[in-house]
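Read-outs: derived from the displayed coordinates by stated rules, not from any lab. Quick caveat: nothing in here was measured; it's all calculated off a predicted structure. With ideal geometry, Cβ positions are generated from the backbone for all residues, glycine too; neighbour counts draw on all protein chains shown.
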Amino acid sequence: MSLIQALEWRYAAKRMNGQKVPQEKINNILEAIRLSASSMGLQPYNILVIEDQKLREKIKAVANNQPQITESSLLLIFAAWDNVTPAHIEEFINNTAEVRGVSLESLAGFKNSLLSIANTNTPEQSYQWAARQAYIAFGTAIAAAATEKVDATPMEGFNAAALDELLNLKEKGLRSVTLLPLGYRDTANDWLASQKKVRRDKDKLFLELAA
Ligand SMILES: Cc1cc2nc3c(=O)[nH]c(=O)nc-3n(C[C@H](O)[C@H](O)[C@H](O)COP(=O)(O)O)c2cc1C
């Protein structure tokens with residue numbers, strides 16, 4: 001299935017049927033998230049993987065009782081770092097040196113530019129930037145799920161402060177950004193399953209500019 005066919009197939013399922021997604025498909029979706037682009041490659045977020053049904057019941061209660069949270073096979077929570085600290089940058093630079101087999105000295109300029117951004121931004125500015133990076137991974141996950149023929153419902157409809165408290169995210173230096181239940185559509189009970197996809201026309205969406 002091409003990416004276009006996958007994107008035509010997918011929609012934001014409102015009801016799921018509880019069927020389990022095979023682990024291989026989950027692994028492929030997680031790997032796509034891991035390979036997602038991020039500014040400077042820092043990946044300033046974590047993805048929480050939650051299968052536990054009891055915990056998902058509690059999450060549903062702070063997410064407008066959206067049924068997909070418990071009817072899915074697995075719930076992903078995209079959580080951005082609540083700040084970008086020198087320790088994060090240290091770890092990133094060390095990993096870069098190791099993976100590329102280069103010296104730490106050769107990365108000193110890059111490291112300093114990252115440190116100066118981290119030191120200039122307020123924690124809130126860093127979080128807002130990190131959340132934008134998390135959205136890129138989120139978009140990648142939605143497309144990846146579609147190519148695996150797994151339904152995924154992107155969600156912003158939840159109380160982030162309540163969810164952060166429920167999962168003790170502050171202690172982990174994280175703030176929740178978006179949710180992504182993964183599972184299979186319940187076509188019999190989902191009013192949206194039979195509806196046509198609505199998208200803006202090409203000529204309205206793309207504005208061609210030239211000198
Ligand atoms: C960032 C984001 C947040 C969304 N939040 C919710 C949500 O909380 N609950 C829900 O059922 N759908 C949610 N949606 C789904 C959209 O309403 C849906 O993607 C949109 O109507 C386009 O339809 P389609 O994705 O089914 O083609 C969200 C989508 C995005 C991209």
Checking the structure you have, find out if any residue of segment 142-152 is among the basic types (Lys, Arg), within 16 Å of the ligand (Cβ to nearest atom) and on the phi > 0 side of the Ramachandran plot. yes
Does segment 7-23 hold any residues that are under 16 Å from GLN195 (Cα atoms) and not aliphatic (A, V, I, L, M), and which are they? GLU8, TRP9, ARG10, TYR11, LYS14, ARG15
Can ASN189 be described as of a type outside the set (D, E, K, R), on the phi > 0 side of the Ramachandran plot and part of a loop (DSSP other than H, G, I, E, B)? no
Which condition does LEU166 not pass, out of (1) away from the ligand (no atom under 16 Å from the Cβ); (2) over 23 Å from TRP81 (Cβ atoms), if it passes all the others? (2)
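Just for helices (runs of 4 or more DSSP H) wholly inside segment 11-77: which have at least 3 residues that are closer than 30 Å to ALA97 by Cβ?
Numbers: elements: 23-34, 53-61, 68-71.
Ranges flagged: 23-34.
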Qualifying positions in segment 117-133 - surrounded by 13 or more Cβ atoms within 10 Å (Cβ to Cβ) and not in a helix (DSSP H, G or I): ASN121
